[in-house]
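To keep things clear, I will list the structure first and then write my remarks on it.
The values are calculated or read from the model by the stated rules, or taken from the named source; none is laboratory data. The structure presented is a predicted model; accordingly, all values stated were derived computationally and were not measured. Note: accessible area is taken over every heavy atom of the protein model, side chains too, but ligands, DNA and RNA are not part of it. Shrake-Rupley method; radii C 1.70, N 1.55, O 1.52, S 1.80 Å.
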Amino acid sequence: MHKDKDAALVNDCKRGDRRAMSKLVRHYQQPVFNAAYRILGNLDDAADATQTVFLKVFEHISEYDQKFKFFSWVYRIAINESLNQIKKRRSQESLDDGQASPWQGPAEELDTKRVRERVQRALMLLSEDYRTVVVLKHISGCSYQQISEILQIPEKTVKSRLYSARQLLKKALENDQVVSQG
């Protein structure tokens, strides 16, 4: 969505226009959900996080500073909410340390699904900082500058984290390949 269009919709939202709110949700819902899913690794948690993100967006719309991109503001809220859910999940972990393996049906034999699962497993091994930059860059398609704005860190730090995250992902995927074949 264009910055001017976002600004007009935000102004309409501030005046209580529900149609403007719906337009913003429709436009940003899928990218927010995708980012939350890649950080959380769970569809239900990602759906909950997405819903909470938009509740927070509209509760705090009056605090939005229009000198920043709306996209960056929404993504920052999404990243923070996803990370908060991870922290909450850690503090509420059950006594069962082992994670039940999901049922594997015939559809999971497809190579693309296996690769996707391997990448998601490897992604979940990364620290939150590394996972976040990978998700924003490679899944959400954000530029270095956008990631810098969303995470409020220097672009150089974004590049450094992304480089380190890629190296760790490569190592995790290589190790997973050995486990899968062995």
Can you give the accessible area of Lys69 in Å² (nearest 10), computed on protein heavy atoms with a 1.4 Å probe? 80 Å²
Accessible area of Leu55, 1.4 Å probe, to the nearest 10 Å²? 100 Å²
Filter on Lys69/Lys137; Lys69/Lys159; Lys67/Lys159; Lys5/Lys56; Lys67/Lys137 - keep pairs with C-alpha separation over 19 Å: Lys69/Lys159; Lys67/Lys159; Lys5/Lys56; Lys67/Lys137
Residue-span extension gain [Glu128 to Gln167] - 0.36 nm each, minus C-alpha spacing: 12.5 nm
Mind grabbing the accessible area of Glu174 for me, 1.4 Å probe, Å², rounded to tens? 100 Å²
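Can you work out the accessible area per residue across segment 7-75, with the rest of the protein chains kept in place, probe 1.4 Å, in square angstrom?
Values: 3800 Å² over 69 residues.
Counting only protein heavy atoms, the per-residue value for segment 7-75 is 55 Å².
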